[in-house]
Amino acid sequence: MISSVTQYDRGTYTCRGYRGRDSQSSEISNAVTLTVSGEAQAVLNVSPQSWLTERDSVSLSCEVRDSSTGWIFSWYRAVPHVEVLSDSIRGAGGSYTLSPAALHQTGVYMCRAERGEPAYQTQYSNTQPLWITGLSPLVSLIISPSRTQHFSGDSLSLSCEGQSDSTGWRVRGYTHSGSVSDCSSLWGSVTGSTCTIRYLYTSHTGVYWCQSESGGSSNPVNITVHNGDVILESSVHPVTEGDPLTLHCLLHLNITSHLRADLYKDGSLIQTQTAGEMTIRTVSKSDEGVYYCKHPERGESPHSWVSVRGQNFTFLLLH
């Protein structure tokens with residue numbers, strides 16, 4: 001019995017039997033080859049997308065690649081330490097659904113699989129962030145300059161501002177390092193509820209939000225730091241249906257007054273503009289999607305998701 005198979009156990013096995021006081025032996029048996037595949041890996045996916053508005057639904061699916069069935073799955077969130085989700089059901093389904101999604105469920109999710117007796121556990125899966133935008137947050141994260149894409153080497157200011165006192169709120173972020181961090185620990189200097197990053201690197205790419213000492217949070221903002229020559233200037237926060245939206249292509253250290261750049265949505269060319277700018281006068285839900293710029297000599301910008309939220313209506317009951 002091999003209680004826990006490893007790569008060192010692979011190979012060809014035979015056996016031979018012995019009996020009697022003279023230790024009479026049998027012939028060597030037929031050979032059996034034991035093949036040991038690589039370490040089982042849990043993979044986490046999100047459907048339909050990782051950026052959503054509260055009250056929407058989202059599903060996480062966990063699977064073990066190149067493996068047979070019989071796995072039991074568990075679900076975790078990093079906040080910032082890894083903890084098991086208390087409302088998840090540990091079982092063979094391989095799925096976890098948030099319906100409806102709430103603001104406090106914003107975070108970084110992982111899964112893990114196990115099977116056998118004694119149990120064999122995979123490592124934690126890849127991380128999948130879920131960013132849930134609220135309808136009326138108490139505090140907003142203000143970005144200056146106000147755009148989601150920035151050139152490497154630029155400076156950036158992130159401030160927590162609200163209708164009430166924003167004391168006690170701090171800027172937090174989830175970057176490619178795969179962990180949730182405070183501004184002062186990794187990126188820049190802190191003054192009150194404002195975080196200032198004086199020199200941006202591509203490693204600053206990530207999602208940022210404001211968080212209070214009591215656990216409240218603002219709407220998250222997706223920030224991309226680009227090492228190339230072209231970025232797309234688009235709205236930091238979701239756009240409301242009926243409002244105008246302007247998309248503007250920017251060139252790094254642009255010294256000319258003429259800019260030719262094409263605009264794409266969901267991989268398809270939507271407009272060629274000599275000014276590198278396009279305005280949608282009345283935004284609708286159909287305008288939601290992934291946008292980017294492409295310059296004939298300087299390359300293309302990163303891709304940005306433009307989110308469109310529905311209008312809020314107030315109903316009056318007349319007596």
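Read-outs throughout are calculated quantities, based only on the coordinates presented, and are distinct from any laboratory measurement. A quick note: this is a predicted structure, and the numbers were derived from the prediction, not measured. Cβ: placed from backbone, ideal geometry, glycine included. Neighbour counts: every protein chain shown.
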Give the cysteines in the chain for which no other Cys Cβ lies under 4.7 Å away, or write none if there are none. CYS15
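How much net charge surrounds TYR76 when only the other residues with a Cβ under 12 Å from the Cβ of TYR76 are counted, with Lys and Arg +1 and Asp and Glu -1? Write out the running numbers ahead of the final one.
Working: positive: ARG77, ARG90, ARG112; negative: GLU83.
Charge balance in the 12 Å sphere: +2.
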I want the local charge near ARG281. Using Cβ-Cβ distances under 15 Å, sum +1 for each Lys or Arg and -1 for each Asp or Glu among the other residues. -4
Taking the Cβ of ASN254 as the center, what net charge do the other residues with Cβ under 11 Å away carry, scoring Lys and Arg +1 and Asp and Glu -1? 0
Residue by residue through region 96-107, which ³J(HN,Hα) values in whole Hz follow from phi under the Karplus form 6.51 cos²θ - 1.76 cosθ + 1.60 (θ = phi - 60°), with glycine and proline marked x? 9, 10, 9, 7, x, 6, 10, 3, 5, 8, 4, x
Could you tell me whether the chain comes out rounded, prolate or oblate from its Cα gyration tensor? Rule is a ≥ b ≥ c as square roots of the eigenvalues, rounded for a/c under 1.5, then prolate if a/b exceeds b/c, otherwise oblate. prolate
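Counting GluC sites (Glu not before Pro) as exposed when in a DSSP loop with at most 10 other beta carbons within 10 Å, what is the longest stretch of the chain free of them?
40-212
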Under 5 Å between amide hydrogens, which residues at least 5 positions from GLN41 or on another chain qualify, with H placed 1.01 Å from N in the peptide plane? ARG65
